[in-house]
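As structure tokens, the structure follows; a few thoughts come after it.
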Amino acid sequence: MMKNRKKPQSNVAFYNNPEKRAIIYQVLALAGIFLFTYFILNNMFINIEKRGINTGFDFLGNEAGFGIIQSLIHYDESNTHGKVFVVGILNTILVSAISIVFATIIGLLIGVGRLSKNWMISKLSMIYVETFRNIPVLLQILFWYNVVLASLPGPRQSLSYFDTIFFNNRGLYIPKPILESGFIAVFIAFILAIVAVVYLVKWAKKKHENTGENFPIFFTSLAILVLSPTIVFFISGSPASLDYPALKGFNFRGGWSLIPELLALSFALSIYTATYIAEAVRAGIESVPKGQQEAAQALGLKDYVILKKVVLPQALRVIIPPVINQYLNLTKNSSLATAIGYPELVTIFAGTTLNVVGQAIEIILMTMAVYLTLSIIISIAMNYLNKKMEIKER
């Protein structure tokens, strides 16, 4: 019997050993990829040299020589292309953040609305989803910019709200807060309030697990977050004021101005992405067995308690993964702003700067690296949230 046993693995020829053969195949595949990449890059640099195109990143220190209609940091024509790159990143983050917030709110409302027992709310939600989901987002951006915002009145006939907010075809004008040195105390109070709320939530959760009693955590947290900075604000002598926009000459001066390009892009991205988030919300809620809701109703729980305590905790594990994809798509779709001239990264860096300096390889690689980094950051943050929302079994 012992003589018929299979020989030890070490005595098998390497080409008959599956593990060693797999390693050889992987090494050969890696070498092939390396040689192919080397051939492509070598060919590219030879062609660049023949055309007399400069390479390297020295152009980032050269003067840009063109203006940008909106920047979150100080910028003028004498600044460098490196600063254009930073301005583009900040504008991309700004429009992405605004659109993600509004897309989430709209998507949540529409998703819950589609499951409403009210016939009209349910049908209107369905019409919203089917309409805006099936129209290309680029077309929606052009619609908001060239049709809706362009038809608004001029500055002298602006739509006015409480004589502090003005809306016209040049944008939205709102009061701008002017902070003084003493405002740091208010900021510290707000940070401490957040820390207090975090500990309060942990305490309330532990109390609920031990005793079953519910603590009014939402209203208590809201009171802490609002009252603490407000009290410190008045004690420190009101170290902030508002700069109101005012019509001077042919346009408004002062305050904060949101240009039409930013508004059109935010509207289109929010409304378009909200349709997919709404469907994710609807799918997540429908994935919860109806028997659990019926059992909760039989216990006499109110509808909002059932939604908060029974449905949403289980639905979120289904909702969050597709929502992550929609956040990533929204951030990447912000590059469509180049169609209406909003000064985000692609428009001013991969567009204007590229036309000025002509170094396409470096600029395109830098632009791609930015979108890749933003996508990874969003994925890490949302996956962390998804991990926190997991249902923990005892």
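The values are calculated or read from the model by the stated rules, or taken from the named source; none is laboratory data. Since this is a predicted model, take the numbers as computed values, not measurements. Here the Cβ is made from the backbone with ideal geometry for all residues, glycine too, and neighbour counts use every protein chain on show. Surface areas here come from the heavy atoms of the whole protein model, side chains and all, with no ligands, DNA or RNA. Shrake-Rupley method; radii C 1.70, N 1.55, O 1.52, S 1.80 Å.
Observations on the model:
- Cβ-Cβ under 9 Å pairs, at least 6 apart or on other chains, the stretch 113-130 side of a type in the set (Lys, Arg), far side surrounded by fewer than 15 Cβ atoms within 10 Å (Cβ to Cβ): 114/122
- Scan of the stretch 45-82 for residues that are closer than 19 Å to residue 367 by Cβ, open to solvent by 60 Å² or more (accessible area, probe 1.4 Å) and outside any loop (DSSP other than H, G, I, E, B), ordered by number: 58
- Comparison of 339, 264 shows that the only residue that is within 23 Å of residue 170 (Cα to Cα), out of contact with any Ser or Thr (no Cβ under 7 Å at 6 or more places or on another chain) and open to solvent by 50 Å² or more (accessible area, probe 1.4 Å) is 339.
- In the stretch 237-288, of all residues being among the aliphatic types (A, V, I, L, M) and free of Cβ contacts under 8 Å to residues at least 60 places away in the same chain, the one that is farthest from residue 184 (Cα to Cα) corresponds to 288.
For every residue, the table says whether it meets (1) open to solvent by less than 40 Å² (accessible area, probe 1.4 Å); (2) aliphatic (A, V, I, L, M); (3) over 30 Å from residue 333 (Cα atoms); (4) touching a Phe, Trp or Tyr at 6+ places or on another chain (Cβ under 9 Å).
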site: 227; (1), (2), (3), (4): no, yes, yes, no
site: 235; (1), (2), (3), (4): no, yes, yes, no
site: 240; (1), (2), (3), (4): yes, yes, yes, yes
site: 245; (1), (2), (3), (4): yes, no, yes, yes
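- Filtered by the rule that a residue be within 16 Å of residue 81 (Cα to Cα) and in contact (Cβ under 8 Å) with a residue 12 or more places away in the chain, the stretch 46-66 gives 54, 55, 56, 57, 59, 60, 61, 62, 63, 64, 65, 66.
- Just so you know, in the stretch 176-216 the residues that are exposed (fewer than 11 other Cβ atoms within 10 Å of the Cβ) and acidic (Asp, Glu) include one that is nearest to residue 234 (Cα to Cα), and it is 213.
- Evaluating residue 120 against the criteria (1) exposed (fewer than 12 other Cβ atoms within 10 Å of the Cβ); (2) over 30 Å from residue 304 (Cβ atoms) leaves one unmet condition, (2).
- Count of the stretch 151-175 residues, restricted to those that are surrounded by fewer than 16 Cβ atoms within 10 Å (Cβ to Cβ), part of a helix (DSSP H, G or I) and in contact (Cβ under 8 Å) with a residue 40 or more places away in the chain, is 1.
- For the criterion of being in contact (Cβ under 8 Å) with a residue 24 or more places away in the chain, surrounded by 14 or more Cβ atoms within 10 Å (Cβ to Cβ) and within 30 Å of residue 241 (Cβ to Cβ), residue 141 fails.
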